[in-house]
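Contents: one structure, followed by commentary.
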Amino acid sequence: MNRPELADFLRRGRARLEPSDVGLTAGARRRTPGLRREEVAGLAGMSVDYYTRLEQSRGPRPSRQMLGALARALRLSGDERDHLFHLVGEEPPRSESASAHVRPGLLLILDRLHDAPAQVVTDYGDVLAQNAMAAALAGHASADRNIVRRFFTDPRARDLFLPEDRRELARSHVANLRAVTAARPDDPGPARLVAGLRATSEEFAELWEAHEVAVRRSSVKRFRHPTVGLLELDCEILLSSGHDQQLIVHTARPGTESHQRLQLLRVIGVQDLSPSG
């Protein structure tokens, strides 16, 4: 691990970004250009103290997961991400699987979506990045980053949808996974997900045997939010050039009750305003 080079690379990466580049407000006048350390730490999901020690050449060796988070926080290109891994003495991710490094173009769009729930996911459901509105709508993806696995194994994820909609959503998830595993048979990610779900979810196993195939496309979804109530949202999907990453955006039509409730969700964020909260 080359601590001095790593510290210099992190400082320079932080200095070249403005708050608006990552969806933050500038706030009070800044004495120095670039993001603050606490802002980078927040974007990467690490403590400020840990990030500060990395910039001061005295931090512990970051994990591969943490390196990926830093690459996303600093909006690094693919080559820059690889350099970051090399500075820590790690081999950059090399495989035929879908990249976990978010395309800079998708992150640029995500950073500018303040009033709509949006997240970047792999084509088999791993959440790579999400904005505050997406976390407020469906919860943070930190516990289980795969939306398909959560749907089939976490009752709280299913409760977000109306009972009469769940079967069709389940079929859609499974049919999309069928398409992905056929398109990339050597990718261990989708195959591992399918094997795990077939072993733990009878519903998934039953739908998998039906052998339905359909790529995930734009649709209308109804969410039962515990605080703001029922939301009927248009789900739009933007594909990356390689089609292995998707930017999923949920919007409500202006003038509707769902639009008003979505605006309320933006105000309250992830606060729990229920009587027991």
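Worth a mention:
- Single condition Arg217 does not satisfy, out of (1) among the basic types (Lys, Arg); (2) modelled with pLDDT of 90 or more; (3) under 19 Å from the mean Cα position of the chain (by Cα): (2)
- Taken together, the criteria place Asp144 among residues that are farther than 26 Å from Asp82 by Cβ, of a type outside the set (Ser, Thr, Tyr), open to solvent by 30 Å² or more (accessible area, probe 1.4 Å) and touching a Lys or Arg at 6+ places or on another chain (Cβ under 7 Å).
- Hey, Arg156 out of contact with any helix residue (DSSP H, G or I) (no Cβ under 7 Å at 6 or more places or on another chain) and either part of a loop (DSSP other than H, G, I, E, B) or modelled with pLDDT of 90 or more (or both) or not: yes
- The residue that is most open to solvent (accessible area, probe 1.4 Å), counting only those in segment 204-214 that are over 12 Å from His173 (Cβ atoms) and assigned to a loop (DSSP other than H, G, I, E, B), is His211.
- Residue list for segment 201-239, restricted to those being touching an Asp or Glu at 6+ places or on another chain (Cβ under 9 Å) and under 17 Å from Gln130 (Cα atoms): Leu239
- Checking each residue in segment 220-250 for being open to solvent by less than 60 Å² (accessible area, probe 1.4 Å) and in contact with a helix residue (DSSP H, G or I) (Cβ under 8 Å, 6 or more places away or on another chain) picks out Lys221, Phe223, His225, Thr227, Val228, Gly229, Leu231, Leu233, Ser240, Gln245, Leu247, His250.
- Scanning segment 186-201 for residues that are open to solvent by 30 Å² or more (accessible area, probe 1.4 Å) and either touching a residue at least 40 places away in the same chain (Cβ under 8 Å) or closer than 20 Å to Leu239 by Cα (or both) yields Asp186, Pro188, Gly196, Thr200.
- Any hit, segment 150-170, residues being open to solvent by 20 Å² or more (accessible area, probe 1.4 Å) and more than 21 Å from Arg222 (Cα to Cα): no
- Of note, Ala182 does not satisfy the criterion of being under 15 Å from Val148 (Cβ atoms), without any contact (Cβ under 8 Å) to a residue 40 or more places away in the chain, out of contact with any strand residue (DSSP E or B) (no Cβ under 8 Å at 6 or more places or on another chain) and surrounded by fewer than 15 Cβ atoms within 10 Å (Cβ to Cβ).
The values are calculated or read from the model by the stated rules, or taken from the named source; none is laboratory data. Since the model is a prediction, treat every value here as computed from it, not as a measurement. Positions of Cβ are generated from backbone atoms using ideal geometry, with glycine treated the same way; all protein chains shown enter the neighbour counts. The protein model used for the area step is the full one, side chains on, heavy atoms only, and it has no ligands, DNA or RNA in it. Shrake-Rupley method; radii C 1.70, N 1.55, O 1.52, S 1.80 Å.
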